[in-house]
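Since the structure comes first, as structure tokens, the remarks are kept for the end.
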Amino acid sequence: MSASTHHTTTATPESDPHAGQTSFPGRQRAAAICLITAPVAFAAAEVLSPESNGTSAQMLAAFASHRGAGLVAALLGIASVMLFVPGVLGLVRPITGRGRRWALTAAAATTYGLVTAHAALGGINIMFYAMTDPSLSRPQMTRLMDVLMSTPAAGLPLLLGHLIFGLGIIALGIAILRSRTFPVWTGAALILWIALDMVLGSLPVPRAVGDVTSSAFGVSALAVIGWSILTRRTGPTA
């Protein structure tokens, strides 16, 4: 007479692929909060940043007159990058169907643009804060600014990063329009954010007015998208 043997199965990482992983809802909530806060920090950084047009002497004079605001703008800009990257990467998952490829393109482009342009710009603004210290020689700092502005290796990544970031936001708007995962108007608002920023930036309007007007579209669109994720209303929306 043979004894019966009972086998007890124990879950292992191989048998349970989700063992030890952070829940997707938790990740999505974190991404949603980032999407809500990132554009606010981004817009505040743009509004507070001193004028960056004109000659090296004029730029340094503008930063010297608004050193505190320039430093706050630099820190907010860096914070917005730290929030934008996980927010946009987390936004890719809910977007499916016809918008999936556009969403992946948007994630890659915005991440590249944020790192090469906006994070670097925050560092440059911190450097300007140091360069405008009253104890430093203004002629020497102006000369240093001239060298920086005339060095393609320093300026080209910033310009290219700004362009690619804008294209990434436009791609994100198209992804939302095609997938209808979120309210359709949010996709159009993201495209208008970049379009208005370019148009108003080329018109003779106060920079603050242009920044606030264009950023309002991005802030409102991403706030609604983030709130939709938080409340789990991410199905096809007309």
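For this structure, a couple of remarks:
Residues are listed down the side, and each one gets a yes or a no for (1) of a type in the set (Gly, Ala, Ser); (2) modelled with pLDDT of 95 or more:
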position: 169; (1), (2): no, yes
position: 174; (1), (2): no, yes
position: 191; (1), (2): no, yes
position: 197; (1), (2): no, no
position: 216; (1), (2): yes, yes
position: 221; (1), (2): yes, yes
position: 228; (1), (2): yes, no
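- Filter pass, residue 15 being modelled with pLDDT under 85, among the small types (Gly, Ala, Ser) and out of contact with any Pro (no Cβ under 7 Å at 6 or more places or on another chain): yes
- Filtered by the rule that a residue be open to solvent by 50 Å² or more (accessible area, probe 1.4 Å) and at pLDDT 90 or above, region 47-67 gives 47, 48, 65, 66, 67.
- Meets criteria (at pLDDT 90 or above and open to solvent by 20 Å² or more (accessible area, probe 1.4 Å)) for residue 165: no
- Helices (runs of 4 or more DSSP H) completely within region 91-153 that count 1 or more residues being open to solvent by 60 Å² or more (accessible area, probe 1.4 Å), closer than 30 Å to residue 182 by Cα and touching a residue at least 24 places away in the same chain (Cβ under 8 Å): 100-113
- Every pair of residues 6+ apart whose Cβ atoms lie under 6 Å, when the first sits in region 173-202 and is within 14 Å of residue 98 (Cα to Cα) while the second is aromatic (Phe, Trp, Tyr): 174/102; 175/102; 176/182
- Unmet requirement for residue 210, which otherwise passes all of (1) within 15 Å of the chain's Cα centre (by Cα); (2) open to solvent by less than 40 Å² (accessible area, probe 1.4 Å); (3) within 17 Å of residue 47 (Cβ to Cβ): (1)
- Some residue of region 226-236 being in a helix (DSSP H, G or I), closer than 20 Å to residue 100 by Cα and free of Cβ contacts under 8 Å to residues at least 40 places away in the same chain: no
- Of all residues in region 172-197 being crowded, with 24+ Cβ neighbours inside 10 Å and small (Gly, Ala, Ser), the one that is nearest to residue 117 (Cα to Cα): 173
- Residue in region 71-84 that is within 25 Å of residue 200 (Cα to Cα), within 21 Å of the chain's Cα centre (by Cα) and of a type in the set (Phe, Trp, Tyr) present: yes
The values are calculated or read from the model by the stated rules, or taken from the named source; none is laboratory data. Computed from a prediction, not measured in an experiment: that's the story for all the values here. Counting neighbours? That spans all protein chains shown, and the Cβs are built from the backbone with ideal geometry, glycine included. Surface areas here come from the heavy atoms of the whole protein model, side chains and all, with no ligands, DNA or RNA. Shrake-Rupley method; radii C 1.70, N 1.55, O 1.52, S 1.80 Å.
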